[in-house]
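Below is one structure; the comments refer to it alone.
Nothing in this text is a laboratory measurement; each read-out follows from the coordinates by a stated rule. In this text the structure is predicted, and so the values were computed from the model without any measurement. Cβ sites come from the backbone with ideal geometry, for glycine too, and all protein chains shown count toward neighbours.
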């Protein structure tokens, strides 16, 4: 098939989860033999209309701010007319929809990707403003859903209730399992190199947090749990990889523990496997209390960090909430803790530290499970099935 994938709010290449998701989907579909064209924002000041080949697909740049993506409709319409795709995919966000509109007018079937709550809770300022204006953003969102033949989303509650559930396919994100399949000798080399870079004892157990430093990712909970364990005499090192608005607060929390808590900042995604090989336990302490939309719709966030921990063969400690408790089965691929509880998180980590052989066995089972159920390869296989179905 010839597939046009509109991701006009995403910088590509980029360092955030959305960039990783877009790149993996485009690359995965191209590897399955399809001709893939992606519309995305340039990482720098590249002009609109510039096209380049990357990882087996063609990337077309549309250099517009996220809030002005919809006025990019003429450029998208021109591309639709020129390429005549068999199907169009669009990555939904509030100010997008140019691809859905162009495909609807051209009679091309649409697959809409929804990765967050479409209609914000009433407490969100954007929702309140939309309500005061009579709901134009909500109407536009619902119209996009109606024009789409199928909607893929990690959790169906992201989609407004007036849209029939039959057109929704729940599809989690994944990990690029091939990226985490280094030979044992290479894994050991990378493990030693990362530990030497940050002066971590080669024999010391390492707990890693990888991801965004935002409230609902729970990085502060991870730091407090590690400090609790260190204060109780446990031998461990906490490695924090990522960045975000909570970084300053996290570094303040860790003050005085610089030899046992290391904040390295963001790293290029291609370096992520080395950091995970350097660790022994992956922690993903998501907390819905820091995110109103997650409280309203349930945990729709597809946990990229959890899948990558699993792909690297790490036992995972995460919150006991759906769907996290479906990916990580307690005692099999890792352990679950009470959401938001520092004490519960510390107890789960302490158990893995106490039984390192069982922790390693959990990590191996996690690696097998992610390859079978939560890989980007499986994600793209399902996307291909849906695209073929809507193409008819």
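Calculate the length of the line joining the C-alpha centroid of region 3-21 to that of region 89-158, in whole Å. About 17 Å separates the Cα centre of region 3-21 from the one of region 89-158. Could you give the angle, 0 to 90 degrees to the nearest 10, between helix 136-147's Cα long axis and the longest principal axis of the Cα atoms of the chain? Value to nearest ten degrees: 80.
The distance separating the Cα centre of region 295-315 from that of region 167-243 comes to 13 Å. Comparing 331, 17, 233, which has the greatest mean-square fluctuation in the GNM of the chain with Cα pairs linked when under 10 Å apart? Maximum fluctuation in the GNM of the chain, among the listed residues, is at 233. Modelled spin-label separation between residue 54 and residue 257, with each label point placed 7 Å from Cα along the Cα-to-Cβ direction: 3.7 nm. Angle of helix 73-83 to the longest C-alpha principal axis of the chain, folded into 0 to 90 degrees and rounded to 10: 80°. Going by a ≥ b ≥ c, the root eigenvalues of the Cα gyration tensor, does region 177-373 fall in the rounded group (a/c under 1.5), the prolate group (a/b larger than b/c) or the oblate group? Rounded. If a/c stays under 1.5 just call it rounded; otherwise compare a/b with b/c (prolate if a/b is bigger, oblate if not). Do that for region 189-271, with a ≥ b ≥ c from the square roots of the Cα gyration tensor eigenvalues. In terms of gyration-tensor shape, oblate. Listed from fewest to most Cβ neighbours within 10 Å, the set 309, 73, 275 follows the order 73, 275, 309.
For the chain, a Gaussian network of Cα nodes joined below 10 Å ranks 263, 380, 145 by mean-square fluctuation, and the top entry is 263. How far is helix 219-231 tilted, in degrees, relative to the longest principal axis of the Cα atoms in the chain, given as a value from 0 to 90 rounded to the nearest 10? The angle comes out at about 10 degrees.
Going by neighbour counts of Cβ atoms within 10 Å, the residues 305, 126, 66 line up, fewest first, as 126, 66, 305. Ordering 301, 147 by the number of other Cβ atoms within 10 Å of each residue's own Cβ, fewest first, gives 147, 301. Report the FRET efficiency, 1/(1 + (r/R0)^6), for residue 196 and residue 66, where r is their Cβ-Cβ distance and R0 is 41 Å, rounded to 0.05. It comes to 0.55.
The smallest convex shape that holds all Cα atoms of the chain, its convex hull, gives 139 Å³ per residue.
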